[in-house]
Amino acid sequence: MCGIAGFYSIRSDQDPEPCAKIAQGMASAIAHRGPDGSGIWQDPDLNLTLAHRRLSIIDLSVDGAQPMVSGSGRYVVSYNGEIYNYQALQKDLQEAGCQFKGRSDTETMLAAFEHFGVNAALQKLNGMFAFALWDRKERVLHLVRDRFGKKPLYVGWVGRDLVFASELKALHAHPDFTPEIDQNALALYMRYGYVHAPYSIFKNIWQLLPAGRLTLKFDELEVGQDLAAQMQIYWSLKEAAGQAQPLKKTEAEIIQEFEEMLEQAVQMRMVSDVPLGAFLSGGIDSSSIVALMQKNADRPVKTFSVGFHEDNYNEAHHAKEIAGYLGTDHQEFYVSAQEAQNVIPDLPDMYDEPFADSSQIPTYLISKLARGSVTVALTGDGGDEILGGYERHIHIPVLWNKVGWVPHKVREGLFGSLQHFPESLVGTKVRRALSLMCLESREEIYEALVSAWPARENGDITRQGKLPEIPLTDQRYWPQRSLSFADHMMFGDMLSYRPNDVMVKTDRAGMAVSLEARAPLMDYKLAEYCWRLPQNMKVRDGQGKWLLRQVLKRHIPEKLYERPKMGFSVPIGTWLRGPLQHWAQDLLSEEQIKRQGLLDAPEVTKLWCKFQANETSQLVPKHLWSILMFQAWYGRWVKG
């Protein structure tokens, strides 16, 4: 895992030396992504500079250093990520006559570009990556991101320079950078709790979409042009889901085939020249990964879990039992409320774009624990989205199938009146479900489920921004074939929530401590396979991830993992009424918010006062956390 940065100056009078210093400064800003080395490469004929920070994982020698030039000298790459199938790809290339100096996946990837061409090589790469590839022959820069957006890549305009980097903080290091907020992107953030690609929080800066490719011919560039409009997609989730042919196999055959594919995905991600371990929460996903790792390891796998003293948020004892059964080398760390809260002031530095998923805190803590022993950790990320693991995939379609046929106005009247019953009487989940059944369509229900702020309230909090079109709301990104309600939500999660929330959370938390996180359940071949499965292989008998459960029970007794899904969360509401109250009060100062001119200050104050008086719903802490994370970020990266 690494960090990349660079820029191209349209100004022909730029001297190489100051350009190198700028690029070095950009790379230094993301040194945490690559503490093991750094490099700069400059084109002798034009003002293009590539920078790199290295976290050495495969081939620790200088033969793996970057930026790297291909064997013929045609291509130069600054690359972040891992190509998991590089050994098989390297073997094919050697049989075709290619020669290699070292053992790195970077060199293999460059050889693939030379031998197959960029487009064809991209189809062969199985991994997580983001890279800048300079074609010296065609004088074209390719910026590329992996299929599921596991690795980040920003690109945009700073003054008259085209800039790109793994994280926004690298762009701040450019002397011409001015942090001007894109209020439409702010509206996106307030709606979902994260900024959705292809936008960034700043004007004239974009993120590449998952499976995105931006090919730039420098002689055709115009300063300030919309780069998002030029992005292309080299692999389509829409096609994977929409054109998949249903599997005509028995359940036993599917279970066996799925386990073999998952085990292969795990094996590929266990290749490392540095110490490797795994996160173990005790849930279905991470337990499956660790079980298959231990099966394929010649020594106890190092596993890690973080526990909390509050029973409602603690799974560490379950993880310990599973670790004991599998025989892993297990470490656990119980975090006090104060230790968790101590992470909060550092969040704006880790997440240099507003980000409001509070599970960022325990994700950082387990990353920090793991980094004390390993450099690479496998995770259970990705299973929920391909196999129906979230509560919304399981229960909401059942309820909708029962009442969705009732005319909308009738449902509004029936369930709307029931919403007025107090939460203490009907319960938070029931009241929430009733409110969802008042909506007109399943599309509206899903939008409400994934929104940090309901649509009708969004305009009350952002002053000028308007929600731009994103893949989640753009039908061009959706399959033409009809999807079941559960599949509709899983597709939307893969399109939006997973790359823009889950992967951002894991990447930034891991990289903050220079830890590489790998997710076998996010293997793209596994995802394509799961889109061919019948619905009952994913959700059955009120449970999600049915297929993965069948695999797991071959390795671990069911009594060790069969329990309600808990998630990876912290008691934000309790903290905001207790030890974090003064911190929040300062950030939510009505005078300060008015001075910024971005959010509706009286509405924020009203929300905060109702929360402190305990007059609000259970969702309000999530709303407040979105505002607080924006305010904390604003103070660090804009006002500061």
task: Could you check, for the range 28-38, whether at least one of its residues is over 20 Å from PHE131 (Cα atoms) and hydroxyl-bearing (Ser, Thr, Tyr)?
output: no
- request: Evaluate the range 142-152: report whether one residue or more is more than 30 Å from ARG532 (Cα to Cα) and in contact with an Asp or Glu (Cβ under 9 Å, 6 or more places away or on another chain).
  value: yes
field: Residue list for the range 24-71, filter: in contact with a His (Cβ under 9 Å, 6 or more places away or on another chain) and β-branched (Val, Ile, Thr)
entry: ILE40
field: Enumeration of residues in the range 516-529 that are buried (at least 24 other Cβ atoms within 10 Å of the Cβ) and not aliphatic (A, V, I, L, M)
entry: GLU516, ARG518, PRO520, ASP523
task: Considering (1) basic (Lys, Arg); (2) at pLDDT 95 or above; (3) surrounded by fewer than 19 Cβ atoms within 10 Å (Cβ to Cβ), say which one ARG532 fails and leave the rest.
output: (2)
- prompt: Of all residues in the range 571-621, which are of a type in the set (A, V, I, L, M), under 28 Å from PHE308 (Cβ atoms) and in a helix (DSSP H, G or I)?
  reply: ILE572, LEU576, ALA584, LEU587, LEU607, VAL620
- request: Look at LEU495 and say whether it is in a helix (DSSP H, G or I), within 25 Å of GLU82 (Cβ to Cβ) and within 21 Å of the chain's Cα centre (by Cα).
  value: yes
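Residues to consider are ARG456, ARG476, ARG432, ARG442; find the one that is modelled with pLDDT under 95, surrounded by 17 or more Cβ atoms within 10 Å (Cβ to Cβ) and out of contact with any helix residue (DSSP H, G or I) (no Cβ under 7 Å at 6 or more places or on another chain).
ARG432
Here is a yes/no grid of residues against (1) surrounded by fewer than 19 Cβ atoms within 10 Å (Cβ to Cβ); (2) more than 25 Å from the chain's Cα centre (by Cα); (3) not assigned by TED's automatic domain parsing to the domain that holds LEU60:
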| position | (1), (2), (3) |
| --- | --- |
| GLN90 | no, yes, no |
| ARG103 | yes, yes, no |
| MET109 | no, no, no |
| LYS124 | yes, no, no |
message: Among the residues of the range 153-161, are any under 19 Å from VAL223 (Cα atoms), among the aromatic types (Phe, Trp, Tyr), touching a strand residue (DSSP E or B) at 6+ places or on another chain (Cβ under 8 Å) and touching a residue at least 24 places away in the same chain (Cβ under 8 Å)?
response: yes
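Take GLU385 and decide whether it is within 18 Å of the chain's Cα centre (by Cα), assigned to a helix (DSSP H, G or I), under 23 Å from ALA319 (Cα atoms) and of a type in the set (Asp, Glu).
yes
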Residue among ASP161, ASP182, ASP146 that alone is farther than 27 Å from LEU472 by Cα and among the acidic types (Asp, Glu): ASP161
task: Considering only the range 597-613, state which residues are in contact with a Lys or Arg (Cβ under 8 Å, 6 or more places away or on another chain) and in contact (Cβ under 8 Å) with a residue 12 or more places away in the chain.
output: GLY597, LEU598, LEU599, ASP600, PHE611, GLN612
field: Count of the range 535-560 residues which are surrounded by fewer than 15 Cβ atoms within 10 Å (Cβ to Cβ) and touching a residue at least 24 places away in the same chain (Cβ under 8 Å)
entry: 3
query: For ASP59, are the conditions met, namely being farther than 22 Å from LEU153 by Cβ, outside the structural domain of ARG269 (by TED's automatic domain parsing) and touching a Ser or Thr at 6+ places or on another chain (Cβ under 6 Å)?
result: yes
- request: Output the number of the condition that ALA31 fails; it satisfies all remaining conditions of (1) closer than 30 Å to ASP219 by Cβ; (2) modelled with pLDDT of 95 or more.
  value: (1)
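For every residue, the table says whether it meets (1) in a loop (DSSP other than H, G, I, E, B); (2) outside the structural domain of PHE218 (by TED's automatic domain parsing); (3) surrounded by 21 or more Cβ atoms within 10 Å (Cβ to Cβ).
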position	(1), (2), (3)
GLY6	no, no, yes
PRO18	no, no, no
ALA23	no, no, yes
MET26	no, no, yes
ILE40	no, no, no
LEU46	yes, no, no
THR49	no, no, yes
message: Conditions first: (1) closer than 30 Å to GLN464 by Cβ; (2) charged (D, E, K, R); (3) in a loop (DSSP other than H, G, I, E, B). ARG554 passes all but one, so which condition is the exception?
response: (1)
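Restricting the search to the range 244-255, which residues are touching a residue at least 60 places away in the same chain (Cβ under 8 Å) and outside any helix (DSSP H, G or I)? So that I can check it myself, show each step before the final result.
So in the range 244-255, the residues touching a residue at least 60 places away in the same chain (Cβ under 8 Å) come out as 244-247, 251, 254-255.
ALA244, GLN245, PRO246, LEU247 - these are the residues of the range 244-255 that are touching a residue at least 60 places away in the same chain (Cβ under 8 Å) and outside any helix (DSSP H, G or I).
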query: When only residues in the range 500-515 that are in contact with a His (Cβ under 9 Å, 6 or more places away or on another chain) and buried (at least 24 other Cβ atoms within 10 Å of the Cβ) count, which is nearest to LYS368 (Cα to Cα)?
result: MET511
- request: Name the residue, out of LEU171, LEU188, that is touching a residue at least 24 places away in the same chain (Cβ under 8 Å) and closer than 30 Å to ASP523 by Cβ.
  value: LEU188
query: Hey, does the range 421-440 have a residue that's touching a residue at least 12 places away in the same chain (Cβ under 8 Å), under 30 Å from GLY34 (Cβ atoms), part of a loop (DSSP other than H, G, I, E, B) and of a type outside the set (A, V, I, L, M, F, W, C)?
result: no
- line: In the range 237-266, anything buried (at least 16 other Cβ atoms within 10 Å of the Cβ), out of contact with any Lys or Arg (no Cβ under 8 Å at 6 or more places or on another chain) and over 19 Å from ASP487 (Cβ atoms) is listed as ILE255, LEU262, GLN264, VAL266
message: Within the range 508-521, does at least one residue satisfy the condition of being outside any helix (DSSP H, G or I) and farther than 24 Å from THR379 by Cβ?
response: no
- request: Kindly check whether there is at least one residue in the range 89-102 that is within 27 Å of VAL513 (Cα to Cα) and either in a strand (DSSP E or B) or without any contact (Cβ under 8 Å) to a residue 12 or more places away in the chain (or both).
  value: no
message: Looking for something surrounded by fewer than 17 Cβ atoms within 10 Å (Cβ to Cβ) and modelled with pLDDT of 95 or more - is there at least one such residue anywhere in the range 300-310?
response: yes
query: Has the range 489-499 got any residue that is touching a Phe, Trp or Tyr at 6+ places or on another chain (Cβ under 9 Å), surrounded by fewer than 23 Cβ atoms within 10 Å (Cβ to Cβ) and under 22 Å from GLY282 (Cα atoms)?
result: no
message: Within the range 316-339, does at least one residue satisfy the condition of being closer than 20 Å to HIS623 by Cα, surrounded by fewer than 21 Cβ atoms within 10 Å (Cβ to Cβ), touching a helix residue (DSSP H, G or I) at 6+ places or on another chain (Cβ under 9 Å) and not small (Gly, Ala, Ser)?
response: no
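The values are calculated or read from the model by the stated rules, or taken from the named source; none is laboratory data. Here the structure is a predicted model, which is why all the values come from computation and not from measurement. Counting neighbours? That spans all protein chains shown, and the Cβs are built from the backbone with ideal geometry, glycine included.
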